[in-house]
Amino acid sequence: MAIEHGDIGRGEESARGADGWVSLPAVRWVFDHAPGLNSLLLPALMAVARHADQYGRGSRASLPVLADEAHKSERQTQLDITELVKRGLLVLG
């Protein structure tokens, strides 16, 4: 899954579909293929996936939006994203 470099912490929330989800395929990937995911990191990864395109790329949600959806502070969400990048589950690009 990829997120655009520099998009975390700025920008506006992505347009959502009628059901409130932007990328069900990316969210399904989290559940089906995120190997050994620590349950504490799941909310941040789900929030990023929610805003990705059908290929799991281009998540452009701001850090405040991701934090709100993950039910975490902005600082903790940023730390989680850093850990997800370190584990190879997110790619900044």
| note | Simple SL model, points at 7 angstrom along Cα→Cβ for R87 and D32; separation in nm is 1.9 nm
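In segment 19-93, carbon and sulfur make up what percent of the accessible area (probe 1.4 Å)?
Values: 2230 of 4070 Å².
So the carbon and sulfur contribution to the accessible surface is 55 percent.
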| task | For H51, H71, H33, write out the residues from largest to smallest accessible area, computed with a 1.4 angstrom probe and no ligands counted. | result | H71, H33, H51
| field | Residues with amide H under 5 Å from that of S23, placed H, sequence gap 5 or more | value | A52
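The values are calculated or read from the model by the stated rules, or taken from the named source; none is laboratory data. This one's a predicted model, so the numbers in the text were calculated from it and none came from an experiment. Methodologically, a virtual Cβ is constructed for each residue, glycine included, from the backbone with ideal geometry; neighbour enumeration extends over all protein chains shown. These accessible areas exclude ligands, DNA and RNA; they are computed on the full protein's heavy atoms, side chains included. Shrake-Rupley method; radii C 1.70, N 1.55, O 1.52, S 1.80 Å.
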